[in-house]
Amino acid sequence: MSKAFTIDLGATSAKCAFFEDEKVIKTFVYKTIDKTNLLENIAKKTYEIAKENNIDMNDLDFVGVAVCGIVDNETGTVIYSTNLGWKNYPTRKELISLFGNENIIVLNDAKAATYGEWAASLNREPDSMALFTIGTGVGGGAIFNRKLVFGDNTGLPSEPGHGGGFQNQFQCDCGLIGCLDPVSSATGIERRLREVGSTSTGPLGKIYADLKENIHIIDVADLFINGDPEITKIFEENLEPLAKCISVLIHFFDLSMVVIGGGPSNLGEPFLNIIKEKLKSYVLPDFYSKIRINKSNLGDLVGAWGVYKYGLDHIINKK
């Protein structure tokens, strides 16, 4: 029997879940707009929820957190998280104190999502895969030879949105040239929707007239799914740098699957099909004919599942 509590900690909310024997028994969401004493306040809320649902916090085998930032996986320190305002934050140490549990898992959120999709959704098949999560930026992770990739140099891989020279339109906030983040992220797509919408005489222009700078992908979802040419063109142009990056991984590692997560992936097959079509121009036929481009299946709990499964494999099953 395994019991755990996990937190998928993002810039605007923390998606929290209690697990027992590979089943989610209770979830709740904690708003994280106010970052003051954030982990302490989440812990207080967690104990309240546990008491209301007759969950004994002392029975937990481990507590885990997926963090939107760069994580030192040896120490459990969040080296840097722009969205949370953390720098060299001793996350593991803090969680041990708050929950009275020595078994703490701290993962980057994209790595957690990768492990969740592979271990929970895909039942640990295939042996190697990559995941890209499209949101404020472009995060990602990889499974290689059935192991989550942490790297041999810094231990920090999960930043496919940076580097590579895949576009020449925008300077990235990180200081590098050619990053995916300013273009292929949800933020980049929405910026382009606003630019085009401000002068559009079509359906996008009407939506922009109502929403102005508050236009988001969800506001054009129906038009996109129904093939509106103006909106489709925006997605095609903005997803091209992502396709270029994916093509390099396919050729180098001979991956059999790439999983796409994040909010825009909820647009389903029309969204995935754009990526597939773009890959035709950048992937050799022998590779292209076998590659699978899948949508993430675990939704909002992908990070929670990833931390839970990682904890099972690296704490429970190693006892």
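The values are calculated or read from the model by the stated rules, or taken from the named source; none is laboratory data. What you are looking at is a predicted structure, and each value in this text was computed from that prediction instead of being measured. Because the Cβ atoms are built from the backbone with ideal geometry, glycine has one as well, and the counts that use them run over all protein chains shown.
Could you say whether any residue in the stretch 219-226 is in contact (Cβ under 8 Å) with a residue 40 or more places away in the chain, surrounded by fewer than 17 Cβ atoms within 10 Å (Cβ to Cβ) and under 26 Å from residue 283 (Cβ atoms)?
Taking every residue of the stretch 219-226 in turn, at least one turns out to be in contact (Cβ under 8 Å) with a residue 40 or more places away in the chain, surrounded by fewer than 17 Cβ atoms within 10 Å (Cβ to Cβ) and under 26 Å from residue 283 (Cβ atoms).
Suppose we filter the stretch 271-292 for residues that are aliphatic (A, V, I, L, M), crowded, with 17+ Cβ neighbours inside 10 Å and either over 19 Å from residue 117 (Cβ atoms) or outside the structural domain of residue 248 (by TED's automatic domain parsing) (or both); how many remain?
3
Scan the stretch 289-317 for residues that are more than 21 Å from residue 141 (Cβ to Cβ) and out of contact with any Ser or Thr (no Cβ under 9 Å at 6 or more places or on another chain) and jot them down.
Result: 289, single match.
Yes or no: residue 159 acidic (Asp, Glu), assigned to a loop (DSSP other than H, G, I, E, B), touching a residue at least 12 places away in the same chain (Cβ under 8 Å) and surrounded by 14 or more Cβ atoms within 10 Å (Cβ to Cβ)? So that I can check it myself, show each step before the final result.
On the way: acidic (Asp, Glu): yes; assigned to a loop (DSSP other than H, G, I, E, B): yes; touching a residue at least 12 places away in the same chain (Cβ under 8 Å): yes; surrounded by 14 or more Cβ atoms within 10 Å (Cβ to Cβ): yes.
Against the criterion (acidic (Asp, Glu), assigned to a loop (DSSP other than H, G, I, E, B), touching a residue at least 12 places away in the same chain (Cβ under 8 Å) and surrounded by 14 or more Cβ atoms within 10 Å (Cβ to Cβ)), residue 159 qualifies.
For the stretch 167-188, give me the residue count where each residue is in contact with a strand residue (DSSP E or B) (Cβ under 8 Å, 6 or more places away or on another chain), in contact (Cβ under 8 Å) with a residue 40 or more places away in the chain and part of a helix (DSSP H, G or I).
Residues flagged as in contact with a strand residue (DSSP E or B) (Cβ under 8 Å, 6 or more places away or on another chain), in contact (Cβ under 8 Å) with a residue 40 or more places away in the chain and part of a helix (DSSP H, G or I) within the stretch 167-188 amount to 3.
Would you mind finding the one in 46, 36, 32 that is on the phi < 0 side of the Ramachandran plot, free of Cβ contacts under 8 Å to residues at least 12 places away in the same chain and not charged (D, E, K, R)?
Details: 46 fails: free of Cβ contacts under 8 Å to residues at least 12 places away in the same chain; 32 fails: free of Cβ contacts under 8 Å to residues at least 12 places away in the same chain.
Unique residue meeting the criteria: 36.
So, residue 309, is that one assigned to a helix (DSSP H, G or I) and touching a strand residue (DSSP E or B) at 6+ places or on another chain (Cβ under 6 Å) or not?
No.
Give the residues of the stretch 91-117 that are surrounded by fewer than 16 Cβ atoms within 10 Å (Cβ to Cβ) and in contact (Cβ under 8 Å) with a residue 12 or more places away in the chain, sorted by residue number.
93, 100
Could you tell me which of the residues 65, 71 is aliphatic (A, V, I, L, M), crowded, with 21+ Cβ neighbours inside 10 Å and either assigned by TED's automatic domain parsing to the domain that holds residue 161 or at pLDDT below 95 (or both)?
Testing whether each residue is aliphatic (A, V, I, L, M), crowded, with 21+ Cβ neighbours inside 10 Å and either assigned by TED's automatic domain parsing to the domain that holds residue 161 or at pLDDT below 95 (or both) leaves just 71.
Restricted to the stretch 6-31, and to residues that are buried (at least 22 other Cβ atoms within 10 Å of the Cβ) and under 19 Å from the mean Cα position of the chain (by Cα), which residue is nearest to residue 315 (Cα to Cα)?
The residue in question is 6.
Residue by residue through the stretch 1-27, note down the ones that are of a type in the set (A, V, I, L, M, F, W, C) and under 19 Å from residue 309 (Cα atoms).
Of everything in the stretch 1-27, those that are of a type in the set (A, V, I, L, M, F, W, C) and under 19 Å from residue 309 (Cα atoms) turn out to be 1, 4, 5, 7, 9, 14, 16, 17, 18, 19, 24, 25.
Determine whether residue 90 is touching a strand residue (DSSP E or B) at 6+ places or on another chain (Cβ under 6 Å) and under 20 Å from residue 293 (Cβ atoms).
no
Take residues that are more than 21 Å from the chain's Cα centre (by Cα), among the hydrophobic types (A, V, I, L, M, F, W, C) and within 26 Å of residue 196 (Cα to Cα) and tell me which of the helices (runs of 4 or more DSSP H) falling wholly in the stretch 229-303 contain 1 or more.
Answer list for the stretch 229-303: 229-253, 269-279.
For the stretch 118-156, how many residues meet the condition of being at pLDDT below 90, over 23 Å from residue 264 (Cα atoms) and surrounded by 17 or more Cβ atoms within 10 Å (Cβ to Cβ)?
Residues in the stretch 118-156 being at pLDDT below 90, over 23 Å from residue 264 (Cα atoms) and surrounded by 17 or more Cβ atoms within 10 Å (Cβ to Cβ): 1 in total.
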